[in-house]
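Let me begin by presenting the structure, written as structure tokens, before commenting on it.
The values are calculated or read from the model by the stated rules, or taken from the named source; none is laboratory data. Since this is a predicted model, take the numbers as computed values, not measurements. Here the Cβ positions follow ideal geometry from the backbone for every residue, glycine too, while neighbour counts run over all protein chains shown. Just the protein is used for accessible areas: all its heavy atoms, side chains included, with ligands, DNA and RNA removed. Shrake-Rupley method; radii C 1.70, N 1.55, O 1.52, S 1.80 Å.
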Amino acid sequence: MTAGTDTRIAALRTDPAMSHLHRSLDVYYGDAERDARMDAFYSRFVTEGDLVFDVGSHVGDHIASFRRLGARVVAVEPQPLCLRALRAIYADDDQVTLVEAVCGAAPGSTRFHVNSANPTVSTASPDFVRAAEGAGGWEGEVWDADIEVPVVTVDALITEYGEPTFAKIDVEGFEDEVLAGLTRPLPALSFEFTTIARPVASRCLDRLTALSFDGFDVALGDDKSMTFQRWVSATDMTTHLAALPHDANSGDVYCVSRGRLRQLPPPHDPKRR
């Protein structure tokens, strides 16, 4: 991050109009140890000159990591408040392209359910909102506004910007719809899962298997540490996710198409021997 970027983030943190993002800005920017862990983790997938898609960018901490690794980033985000933050933070970076949209199964538009107090869980999925009602750990979450947003497909992004080496998909229960708009294998991608929406993860794994992805591992929560330390089958991953306790809450499934993947080390975490 440049000195100018740090100044812009500091201004956002004190801007009353950005109050609902202040917590995210505090959590996701300014922690050098977290940044280093994230960079080390993603370096197994992303190297200098790569193209990365960040689908569901929120305030852009993953954009920052991919840029530190030297990648170009196409960032997809529908929320006006988040987009305002992203435009400010990455104003002088011509290697970051912002797309104001949701990724989905087909182009068009959709209703997007905004959680004003906690924008990180805003979603295009009405099923996700219903699943959160009464669920442990989700008490007090309110989706209090709907906005109409454009929908683009991952295929359309590839046509316009090129094929990414890696795609990160974090869209609160809409991940299966995102993958429905992808019709070719990529070298690697990740998708978020939540324990209140396990069928979404199952559909994602079915879709990815149909697209010739054949290796999977998972990191729980925000801990960039793989569970299996090796690529397992979609069947094994489905079984594992189904058996997780409810309070595991969420994580990211990492998926590779080994026939497309360049020579990379296995998903080994140096903290684990």
Provide the percentage of antiparallel DSSP beta bridges, counting only those with both residues in the chain; round to the nearest 5. 55 percent
With DNA, RNA and ligands ignored, accessible area of residue 147 (1.4 Å probe; Å², nearest 10): 50 Å²
Karplus ³J(HN,Hα) for the range 69-86 (6.51 cos²θ - 1.76 cosθ + 1.60, θ = phi - 60°; Hz, whole; x = Gly/Pro) runs 7, x, 8, 7, 10, 9, 10, 10, 8, x, 7, x, 5, 5, 4, 4, 5, 4
Going by average Cβ neighbours within 10 Å, how do the peptides 198-208, 136-146 rank, with the highest at the top? 198-208, 136-146
Relative contact order for the range 118-240 using alpha-carbon pairs under 8 Å, separation at least 6, rounded to a whole percent? 21 percent
How large is ³J(HN,Hα), in whole Hz, for each residue of the range 149-166 in order, when computed from phi with the Karplus curve 6.51 cos²θ - 1.76 cosθ + 1.60 and θ = phi - 60°, using x for Gly and Pro? 10, x, 10, 10, 9, 4, 4, 5, 4, 5, 4, 7, 10, x, 7, x, 6, 8
Solvent-accessible heavy-atom area per residue, rounded to whole Å², over the chain at 1.4 Å: 43 Å²
What is the calculated FRET efficiency for residue 233 to residue 92, with r their C-beta to C-beta distance and R₀ = 51 Å, to the nearest 0.05? 0.70
Whole angstrom only: what separates the Cα centroid of the range 155-226 from the Cα centroid of the range 114-146? 21 Å
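From the helices alone, meaning DSSP H stretches of at least four residues, give me the mean residue ellipticity at 222 nm for the chain, per-run term -39500 (n - 2.57), in deg cm²/dmol to the nearest 500.
That calculation yields -9500 deg cm²/dmol at 222 nm.
Based on the mean of other Cβ atoms within 10 Å per residue, sort peptides 225-233, 168-176 so the most packed one is first.
Highest-to-lowest ranking by the protection proxy: 168-176, 225-233.
In the range 119-273, carbon and sulfur make up what percent of the accessible area (probe 1.4 Å)?
Roughly 52 percent of what the probe reaches on the range 119-273 is carbon or sulfur.
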State, to one decimal in nm, how far the label point of residue 47 lies from the label point of residue 17, with both points 7 Å from Cα in the Cβ direction. 4.3 nm
Just want to confirm a number: the relative contact order over the range 95-170, from Cα pairs under 8 angstrom separated by 6+ residues, in percent. 41 percent
Relative contact order as a percentage, the range 24-169, C-alpha pairs under 8 Å and 6+ apart, gives 26 percent
